[in-house]
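All remarks here apply to the structure that follows.
The values are calculated or read from the model by the stated rules, or taken from the named source; none is laboratory data. Bear in mind that the values here come from a model prediction, so they are computed numbers and not experimental data. Cβ: placed from backbone, ideal geometry, glycine included. Neighbour counts: every protein chain shown.
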Amino acid sequence: MCGPNSDHEHTNIDVGVDLDLDLLLDNNAMAQRNQARLDAAQLCCVNLMSGPGAGKTSLLEQTVAALQGTLRVAVVEGDMTTELDAERLRARGAPVAAITTGRACHLDANLLADGLAQLERDAALSDFSLLFVENVGNLVCPAEFALGEHVRVVLVAVTEGEDKPLKYPLMFRCADCVVITKLDLLPHLRFDIDALQAHIRQINARAPIFALSAETGQGMAPWLEWLHSQLAVHQCIVA
């Protein structure tokens, strides 16, 4: 997991205390407590991160619909303002805890704890098999803050350009999986998907890469199979 020792810069007040380090230490302690709660509930948590407009909500809509009947799925939805994305996912039948961050450009471990508490008002965490966290759309700050998740998934759309992994290396270095989205738009773009994959591999040689379209369903099956595999990896039991 990436976080405290990263290349993201914060402005510190020169009072003899590294406020950046203190902030991340406190966050990481809460993240450990969150993961302990998730482990106790045998609930696998997937943190979805990307820049704005990469298609996180669209992917979640199709993923939730595809998993209905096989997995019990819940979502913690992070946005700076509004519950528009949360309402889209509720319409798909998923329990959703909405977290609005105001000016903050990321979720942190305390905000995930708030989201877990919201979900627990209506059901025990152990009632779910898979928890998605849709992080705030940002390719910098979310990579810094561990939430207590088990895996990190980074989305990059074909509309964003092949250079995103090179421009935002921390985000892609931290990824346990990379999903290339909006594949249906590829015929209409000057975009080299092989170059994008090479740039991802330059930063992260181990993460599986899936290319898909939530709009058409192309490429969804391998992504869904990978999600199922994570339940076994993280010892979460499907009833």
### Query
Counting only residues that are of a type in the set (A, V, I, L, M, F, W, C) and assigned to a loop (DSSP other than H, G, I, E, B), which one in the range 163-190 is surrounded by the fewest Cβ atoms within 10 Å (Cβ to Cβ)?
Leu189
### Summary
Residues of the range 96-113 being charged (D, E, K, R) and at pLDDT 95 or above, in sequence order, are Asp108
### Task
Kindly provide the set of residues from the range 148-162 that are part of a loop (DSSP other than H, G, I, E, B) and either out of contact with any Cys (no Cβ under 9 Å at 6 or more places or on another chain) or more than 30 Å from Arg33 (Cβ to Cβ) (or both), ordered by number.
Val158, Thr159, Glu160, Gly161, Glu162
### Task
Provide a single number: the residues in the range 22-49 that are β-branched (Val, Ile, Thr) and at positive phi.
0
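Residue-wise test of (1) touching a strand residue (DSSP E or B) at 6+ places or on another chain (Cβ under 9 Å); (2) surrounded by fewer than 16 Cβ atoms within 10 Å (Cβ to Cβ); (3) within 23 Å of Lys182 (Cα to Cα); (4) among the hydroxyl-bearing types (Ser, Thr, Tyr).
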| position | (1), (2), (3), (4) |
| --- | --- |
| Leu67 | yes, no, yes, no |
| Val75 | yes, no, yes, no |
| Leu111 | yes, no, no, no |
| Asp114 | yes, yes, no, no |
| Ala117 | yes, yes, no, no |
| Leu130 | yes, no, no, no |
| Pro142 | yes, no, yes, no |
| Phe145 | no, no, no, no |
| Arg152 | yes, no, yes, no |
### Task
Please state which one of Asn34, Asn27 is closer than 17 Å to Gln118 by Cα and part of a helix (DSSP H, G or I).
Asn34
### Message
Among the numbered criteria (1) surrounded by 21 or more Cβ atoms within 10 Å (Cβ to Cβ); (2) at pLDDT below 95, which one does Ala31 miss?
### Response
(2)
### Query
Which of the residues spanning the range 99-127 are in contact with a Ser or Thr (Cβ under 9 Å, 6 or more places away or on another chain) and in a strand (DSSP E or B)?
Thr100
### Message
I'd like the residue in the range 192-239 that is assigned to a loop (DSSP other than H, G, I, E, B) and charged (D, E, K, R) and, out of all such residues, is nearest to Cys177 (Cα to Cα).
### Response
Arg206
### Task
Quick one: Thr159 ticks every box in (1) surrounded by fewer than 19 Cβ atoms within 10 Å (Cβ to Cβ); (2) in contact (Cβ under 8 Å) with a residue 24 or more places away in the chain; (3) over 30 Å from Leu183 (Cα atoms) except a single one, so which number is it?
(3)
### Query
Of all residues in the range 129-144, how many are under 16 Å from Glu77 (Cα atoms) and assigned to a loop (DSSP other than H, G, I, E, B)?
4
### Task
Select from the range 58-89 the residues that are in contact (Cβ under 8 Å) with a residue 60 or more places away in the chain and of a type in the set (Ser, Thr, Tyr) and write down the one among them that is nearest to Leu107 (Cα to Cα).
Ser58
#### Entry: Criterion violated by Gly55 - all others in (1) free of Cβ contacts under 8 Å to residues at least 24 places away in the same chain; (2) surrounded by 18 or more Cβ atoms within 10 Å (Cβ to Cβ); (3) among the small types (Gly, Ala, Ser) satisfied
(1)
